[in-house]
């Protein structure tokens, strides 16, 4: 421990590539690599970490943190792979009984995940009044009736985000009844108001426990193999980090971390905090908005593997346009097909025979270093020009839509297909192309803060008290996630007025974030 | 009792049953009739499909099918959408409501109907009817969505509302003997607040005699037909316009949007700049929960109680006022309301002046007949 331990190692696992970088305390990217993503995910992570450590040579001793952003949880849901069996307790009956749990789920996923569900007395009204007495015996009977044929318990109470005590009491009740080893997941930790969406997200989260344990264990193993003495973190959807223990408890919160990392990385590399970001990949372009350095969040429900959920996700617009997008040689139609990672063999500019948007950009003068297009017929040139114009139009339209009409916002271009974005894009301010933009995702992971969010419903008269209470809870969550208690601060306060209430009522939602604690190990979540 | 041959000649024959397979279309159509308001249809669609799968298809009656022993009551959910996404209805709630309505009315209720066809309240009654084992009347009380209890066809027609019943998620039931709809609105609001922000309500007990001329006929089957066109046509916007006998006022993108929440309502306006053949044109829509007025170059193109719906330019799906976003590509549809709303009393209750616009009502007529 003699060397200065000032380096952060960020890894981002994408669909095609796994990027890894090392960032020093001054914010310089001092090592980077792109490795193919492997089917087991961990192979790509291992290769990425090994490659940047090799670049560091003796300086590898200075690495004190490893941050991982991964789509592993999403893939597990989509592929229905390795999911746990969940016993779901919903509190609030008789309310909401017209919608039994998992209404609207794809049946194959529901059958695989749900061990059983009970709608029992409990829950709260918007003002905190109990809907019905908590049915403690009912919970015990339900769990006993399942005869142990489940891996974890999910609890979802009506208005639990604003009246959280009851879910906590039920957690203790379950632990007392079944033993301390049973994982219990509470909806208040997963999402905001919107019972069915929050319940869905809580069940998905509970189902992902083993998958999350597996990938966190793998990361710990790679770190151990490399002999690193580091703290390890996961990137989450809102552009902040969480500790490994936290990631095992809340794997669903890693699902949007890819776009969030690319936004945070773009902000960091360009030193611009308010901007539109476009991340051009091989198959898609993902666009998002940076507000004060963080991704703007979506307020709409999101579909994950066919299930509607409402947890916080970045507001991302995905276009089916990337460097590998195929241009039809007869009609000139662009996409939706893509050669994806095979671009380096199949693209015209790489000596292949497929017309792609990368070739179109090359024909327009934005070539790939070390590669040249073969001689083209005038028909082919025309086709490529039209394909590129179409891509420009689609990107322009998306930028305009996200910018809400503000033409002064700069556009930060990141990702491998950056040459598809022109410099004179209508509807945006300056087009910025920072250095190392091709590994912005991994940079985003490496530089992230730890964060937490909390919500509170209160009388409009008690607005200040509500914001204070929510702030305190958000800061506590950020510290649990690994933030330095001395440097954590409130970064976002959202207020919504509720109607049909006896008194003017507000919902406040507060987010806190801070740099990672310099204390050796993060405090485990809860 | 049912005699399909008596169906009105102007509309297609009423289908005899609503099945679970009709509900996606009903939901898409009800969203179009929501004219920007009426609440999200997705959760209603889920539970309605489920109820019909569980209890079987619902018999759909036209006004002509009603016999002397029939009694119909209007049903709807009322309250705050922000509460409605969290504290959803109880499975017994609608049964409790119907039994109390029967007790007060002193007779069996044989059919229910939506108070409004626009939005979620146009979808749920099909599932409630399945659950209750009663028929569904192919009609509603608005022909669209309106925000207030007074804005209902039966009020225009001068049919008195003798009582209303409200049931909450816990099981409480409140019966109101009401003087008029103004008082009903006031008391129903207070009860809804006490119930935690959301109630189910039943009112306006109608018979074959009183329903005729006092409800908007055929709206459930129309909503299903419109929804089916939307979900199956290769050019959904044109198909929906044809089914509704509507004009596409403009196709363009939203270039300005101002919205604020005020007393539980969304108020504001949107500006749409034409694209394609509409390039160079600008239209503004004034809204308060629902789309109320469309203006172009200072001229009123359409106004409440005629119907104005903003739809996605590609899919034809209705976009509710809170889901409008800058830069969205949209088409604006406008079509004529039921003649009942064009009467003096109808315009007094739900004309532009009832919504605070100092504008004369100009009946909307379709120009762009294809």
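Read the figures in this text as sums done on the coordinates, not as results from a lab. All values reported here derive from a predicted model rather than from experimental measurement. In this analysis, Cβ positions are derived from the backbone assuming ideal geometry, glycine residues included, and neighbour counts consider all displayed protein chains.
Treating r as the C-beta distance of residue A:225 and residue B:258 and R0 as 51 Å, the FRET efficiency rounds to 0.30. Taken over the C-alpha atoms, the stretch A:416-489 has Rg and Dmax values of 19.6, 53 angstrom. Using a cutoff of 8 angstrom between alpha carbon atoms and counting only pairs six or more residues apart, the relative contact order for the stretch B:1-160 works out to 32 percent. Panel order for A:390, B:55, by other beta carbons found within 10 Å of each beta carbon, from fewest to most: B:55, A:390.
Subtracting the Cα-Cα distance of residue B:105 and residue B:312 from their residue separation scaled by 0.36 nm leaves 70.1 nm. For the residues of B:77-83, the average number of beta carbons from a partner chain within 10 Å of their own beta carbon is 5. Counts of other chain beta carbons within 10 angstrom of each beta carbon in peptide B:93-100 average 1. Using only alpha-carbon positions in the stretch A:331-455, the gyration tensor eigenvalues give semi-axes of 30, 19, 13 Å once each is multiplied by 5 and square-rooted (largest first).
Here the ratio of the Cα radius of gyration of the stretch B:126-241 to 2.2 N^0.38 Å is 1.25. Mean per-residue shielding of peptide A:93-105 is 6, counting Cβ atoms of other chains within 10 Å of each Cβ. Calculated mean residue ellipticity at 222 nm for chain A: -10000 deg cm²/dmol, from DSSP H runs with n ≥ 4 weighted as -39500 (n - 2.57), summed, divided by the residue count and rounded to 500.
What angle, in degrees between 0 and 90 and rounded to the nearest 10, separates the Cα long axis of helix A:165-178 from the longest principal axis of the Cα atoms of chain A? Roughly 80 degrees between the two axes. The coefficient of translational diffusion for the stretch A:56-176, derived via Stokes-Einstein from the alpha carbon Kirkwood radius under 37 °C and 0.692 mPa s, stands at 196 µm²/s. Rg ratio for the stretch B:93-185: its Cα radius of gyration over 2.2 N^0.38 Å, N being its residue count, equals 1.07.
The DSSP beta bridges internal to the protein assembly as shown are antiparallel in roughly 75% of cases. Spin-label model, residue A:273/residue A:344: points 7 Å from Cα along the beta carbon direction are separated by 3.9 nm.
Specify whether the C-alpha gyration tensor of the stretch A:192-240 places it in the rounded, prolate or oblate class, a ≥ b ≥ c being the square roots of the eigenvalues: rounded for a/c under 1.5, otherwise prolate if a/b is larger than b/c and oblate if not. Oblate. On the beta carbon distance between residue B:162 and residue B:95, with R0 = 22 Å, the FRET formula returns roughly 0.50.
Under conditions of 25 °C and 0.890 mPa s, the stretch B:266-313 yields 218 µm² s⁻¹ as its translational diffusion coefficient, taking Rh as the Kirkwood radius over Cα pairs in the Stokes-Einstein equation. If R0 is 51 Å, the Cβ-Cβ spacing of residue A:300 and residue A:378 corresponds to a FRET efficiency of close to 0.65. In terms of other Cβ atoms within 10 Å, B:207, B:222 run from fewest to most in the order B:207, B:222. Shown here: the stretch A:170-328, whose C-alpha atoms stretch 59, 45, 37 Å along the first, second and third principal axes, sorted largest to smallest.
Round to a whole angstrom and tell me the spacing of the C-alpha centers of the stretch A:389-403 and the stretch A:27-84. Each part's Cα centre sits 32 Å from the other's. In summary, the convex hull built on the alpha carbon positions of the stretch A:233-290 has an orientation-averaged projected area of 4.3 nm². Helical content alone sets the calculated 222 nm signal of chain B at -8500 deg cm²/dmol, taking -39,500 (n - 2.57) per DSSP H segment of four or more residues and averaging over every residue. Largest first, the three principal axis extents of the alpha carbons in the stretch A:1-63 are 38, 20, 14 Å in whole numbers.
With a simple spin-label model that places each label point 7 Å from the Cα along the Cα-to-Cβ direction, the separation between residue A:461 and residue B:69 comes to 5.7 nm.
Each of residue A:424 and residue A:80 was given a label point 7 Å from its Cα along the Cα-to-Cβ line. The distance between the two points is 5.3 nm. Take the alpha-carbon centre of the stretch B:202-219, take the same for the stretch B:10-88, and report the distance between them in whole Å. The stretch B:202-219 and the stretch B:10-88 have Cα centres separated by 16 Å.
Cβ crowding within 10 Å, taken as a proxy for footprinting-reagent exposure, orders B:42, B:361 from fewest neighbours to most as B:42, B:361.
Across all Cα atoms of the protein assembly as shown, the radius of gyration (one decimal) and Dmax (whole number) stand at 29.2, 96 Å.
Both radii are taken from the alpha-carbon atoms of the stretch B:204-275; with Rh as the Kirkwood radius, Rg/Rh is 1.14. Working from the Cα coordinates of the stretch A:1-136, the gyration tensor eigenvalues give, after taking √(5λ), semi-axes of 47, 21, 11 Å in decreasing order. With the convex hull constructed from alpha-carbon coordinates only, chain A shows a mean projected area of 26.0 nm² over all directions. Using alpha carbons only, the radius of gyration of the stretch A:279-353 set against its Kirkwood radius gives Rg/Rh = 1.12.
Legend: translational diffusion of the stretch A:104-175 by Stokes-Einstein, Rh = Kirkwood radius over C-alpha pairs, 10 °C, 1.306 mPa s; D = 118 µm²/s. Ordering A:16-22, A:372-378, A:459-465 by mean Cβ neighbour count within 10 Å, with the highest value first, yields A:16-22, A:459-465, A:372-378. Shape class for the stretch B:1-141, computed from the alpha carbon gyration tensor (a ≥ b ≥ c): oblate, with a/c not under 1.5 and a/b at or below b/c. When chain B is treated as a GNM with alpha-carbon contacts under 10 Å, the residue of B:28, B:80, B:246 showing the greatest mean-square fluctuation is B:80. Shown here is the pair-distance distribution of the stretch A:326-378: with all Cα-Cα distances grouped in 5 Å bins from zero up to the longest one, the shares run 5, 21, 34, 27, 12, 2 percent. Rounded to the nearest 10 degrees, the inclination of helix B:181-194 to the longest alpha-carbon principal axis of chain B is 80 degrees.
Distance from the Cα centre of the stretch A:211-232 to that of the stretch A:141-202, in angstrom? Computed from Cα coordinates, the inter-centre distance equals 29 Å. Both numbers refer to the Cα atoms of the stretch A:143-199; Rg and Dmax are 11.8, 33 Å. Where does helix B:42-55 land angle-wise versus the long Cα axis of chain B, in degrees 0 to 90, nearest 10? Tilt relative to chain B: about 40 degrees. Summed over all non-identical Cα pairs, the Kirkwood treatment of the stretch B:229-315 gives a radius of 13.9 Å. Please state the Cα pair-distance histogram of the stretch B:323-370 with 10 angstrom bins from zero: what percent is in each bin? Pairs per bin, as whole percents: 20, 38, 34, 9. Over chain B, the ratio between the Cα radius of gyration and 2.2 N^0.38 Å evaluates to 0.94.
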